[in-house]
């Protein structure tokens, strides 16, 4: 009974969505950090993800189909929430060292950090509200 109640309370205030959002923002941050670290690596292909598309997939807010997994050994197919994000690689243009645009990467890094911070603060407010409801203070 406690598990069902806990799941209901957390799902009701949207905590699983924040968890997915923060996980995806963290994954994107690692990709951008890798791109920045390889800014002078010859032939390196910049990697990125479409944040909005991946978030829609993780929250099942998409019009694309996903295969059903009926056995633990099955592989997730299609637009499935169990499939990790697949980064796109940007082709290296002829005459360029690699495909990393440092200005774009730093800008995206700052934007991603801001989005992560806002989501983390909103999640903190959700937990503060739950704490107030539980302790009635």
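The values are calculated or read from the model by the stated rules, or taken from the named source; none is laboratory data. The structure displayed is predicted, hence computed values, not measured ones. Reconstructed Cβ throughout: ideal geometry from the backbone, glycine too, with neighbour counts over all protein chains shown.
Per-residue answers, yes or no, for (1) more than 28 Å from residue 15 (Cβ to Cβ); (2) modelled with pLDDT of 80 or more; (3) out of contact with any strand residue (DSSP E or B) (no Cβ under 8 Å at 6 or more places or on another chain); (4) surrounded by 12 or more Cβ atoms within 10 Å (Cβ to Cβ):
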{"site": "64", "(1), (2), (3), (4)": "no, no, no, no"}
{"site": "69", "(1), (2), (3), (4)": "no, no, yes, yes"}
{"site": "90", "(1), (2), (3), (4)": "yes, yes, no, yes"}
{"site": "93", "(1), (2), (3), (4)": "yes, yes, yes, no"}
{"site": "97", "(1), (2), (3), (4)": "yes, yes, yes, yes"}
{"site": "100", "(1), (2), (3), (4)": "yes, yes, yes, yes"}
{"site": "103", "(1), (2), (3), (4)": "yes, yes, yes, no"}
{"site": "115", "(1), (2), (3), (4)": "no, yes, yes, yes"}
{"site": "121", "(1), (2), (3), (4)": "no, yes, yes, no"}
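Taken residue by residue, the stretch 25-39 has at least one member that is assigned to a loop (DSSP other than H, G, I, E, B) and modelled with pLDDT of 90 or more.
Can you tell me which residue in the stretch 75-88 is modelled with the lowest pLDDT, limited to those that are closer than 18 Å to residue 30 by Cβ and out of contact with any strand residue (DSSP E or B) (no Cβ under 8 Å at 6 or more places or on another chain)?
Here is the first cut: in the stretch 75-88, the ones closer than 18 Å to residue 30 by Cβ are 83-88.
Next, only the ones that are out of contact with any strand residue (DSSP E or B) (no Cβ under 8 Å at 6 or more places or on another chain) stay: 83-86.
Values: 83: 64, 84: 69, 85: 77, 86: 78.
Of everything passing the filter in the stretch 75-88, 83 is modelled with the lowest pLDDT.
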